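The values are calculated or read from the model by the stated rules, or taken from the named source; none is laboratory data. Given the structure is predicted, the values throughout are model-derived calculations rather than measurements. We place every Cβ from the backbone using ideal geometry, glycine too, and count neighbours over all the protein chains shown. These accessible areas exclude ligands, DNA and RNA; they are computed on the full protein's heavy atoms, side chains included. Shrake-Rupley method; radii C 1.70, N 1.55, O 1.52, S 1.80 Å.
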Amino acid sequence: MEEKHQKARSLVQRLSSVAAESKSAAEAIAEIRRLSKQDPEIRAPLADAGAVPLLAARLLNHHHHHSSAAEAQENAAAALLNLSISAREALMCTPGILDALAAALRLLSPAAAQHAAATLYSLLSVEAYRSIIGSKKPLIAALVDLLGAPGAPTRSIKDALKALFGLALYPLNRTALVELGAVPPLFALVVKDGRRGLVEDATAVIAQVAGCDESVEAFRRVDGVSVLVDLVVGGSGRARENAAAALLNLVNSGGDKAVGDVREVDGAEAAVRALAGGDSGVSARAKSKAEALLTVLESRRGSQVQGIDDSETGTDDSVPQSPLSHSSSTSSRKSQKS
């Protein structure tokens, strides 16, 4: 292991002692990326030796758009992703790391942006970091913008959705997501984007975001309840499950207004009842969400029932089949890819 520490120290020394724009610095970053991908055991020594602030500084330095600088930024972003899998604390303790990742999300290189989104997803797997990351509004705004970026690769959008899902697991971040405009691009992915898996991942985020009072108005502006009811009827298994969870969270957090919005959609109750009936291919979780939703819709018919028990109406944080459902394997898989 001492050998790895030595190797890590010499690489970081090379990176810190040469001029930032030199060929040698770019080679050191490429080597850090390569080693941190191939050898998980060198990640912690690299972080201990001070690699993180130097890599982060590279992402903040966007005055150079020539190809070698862009390549170095992409390598730096990938290296940070690899380090985040084994040394999350070292990343979060680095001053300016979240600013650097926000800057990377806005870089011209789609690969750098995608690595930054995946790094955030990795950091957000730690519950304690969700409120800290959620307090960085420019970071959330950059993730939201990535969803609707023209020509954004599917993988970038998927990683942005995973990061937004991680953010939305912390209840206070949901309001920020609504205020920073996440709802329209999320629903646009559901309605307009046919790429495989995006509807499922977008609806997992929508289901979390639905768990705040502000979501009622935001969903109204994009006709969100109708879209969700359509998914309950004709979506894939995962999309139906997520749509039912979203409607349940919406009525629980939005109260009578939200219940009214669901009732106004033609066929909404029939669709939910069919899902609760568990027709073929429906998961147990989808069925239970639909049953709970039906209970709320029926209990509030006509005169509103007072004092519904909190345990029934608390927002559900464990959204179905989320992008995070295979988090440990995803992380290790990511480490192979970057």
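On full extension of the chain, what length is gained from Ala274 through Arg14, given 0.36 nm per residue of separation minus the C-alpha to C-alpha distance?
Here the answer is 87.2 nm.
If one takes the longest principal axis of the Cα atoms in the chain, at what angle in degrees, from 0 to 90 and to the nearest 10, does the Cα axis of helix 23-38 lie?
Compared with the principal axis, the helix lies near 50 degrees.
Treat every Asp and Glu Cβ in the chain as -1 and every Lys and Arg Cβ as +1, leave all other atoms uncharged, and give the resulting dipole magnitude about the Cα centre to the nearest 20 debye.
Dipole size: approximately 1020 debye.
Compute a Gaussian network model of the chain, connecting alpha carbons closer than 10 Å, and tell me which residue from Ala163, Ala26, Ala182 fluctuates the most.
Ala26
Accessible area of the chain with a 1.4 Å probe: how many percent of it is carbon plus sulfur?
Carbon and sulfur atoms account for 52 percent of the accessible area of the chain.
Can you work out the Karplus-derived ³J(HN,Hα) for every residue in the stretch 182-196? Use 6.51 cos²θ - 1.76 cosθ + 1.60 with θ = phi - 60°, whole Hz, and x for glycine or proline.
6, 5, x, x, 5, 5, 4, 5, 5, 7, 10, 9, x, 5, 4
Calculate the length of the line joining the C-alpha centroid of the stretch 83-97 to that of the stretch 118-182, in whole Å.
17 Å
I'd like to check one number: the per residue accessible area of the chain, probe 1.4 Å, reported in Å² as a whole number.
Ligands and nucleic acids excluded, the result is 42 Å² per residue.
Need the C-alpha centroid separation for the stretch 281-296 versus the stretch 238-253, integer Å.
If we compute the Cα centre of each part, the gap is 9 Å.
Could you state the angle between the C-alpha long axis of helix 67-86 and the longest principal axis of the C-alpha atoms of the chain, as a value from 0 to 90 degrees rounded to the nearest 10?
With both axes taken from Cα atoms, the answer is about 70 degrees.
Quick one: helix 137-147 against the long Cα principal axis of the chain, what's the angle to the nearest 10°, folded into 0 to 90?
The two axes meet at around 80 degrees.
Summing -39500 (n - 2.57) over the DSSP H runs of n ≥ 4 in the chain and dividing by its residue number, what mean residue ellipticity at 222 nm do you reach, to the nearest 500 deg cm²/dmol?
Helix-only estimate at 222 nm: -22000 deg cm²/dmol.
Which cross-chain or sequence-distant (5 or more) residues have an amide H under 5 Å from the amide H of Leu180, H modelled 1.01 Å from N in plane?
Close amide H contacts, sequence-distant or interchain: none at all.
Students often forget the sequence filter, so: which lysines lie under 29 Å Cα-Cα from Lys289 once same-chain residues fewer than 8 apart are removed?
List returned: Lys158, Lys162, Lys192, Lys257.
With the cut-off at 1.5 for a/c, could you classify the chain from its C-alpha gyration tensor as rounded, prolate or oblate?
prolate
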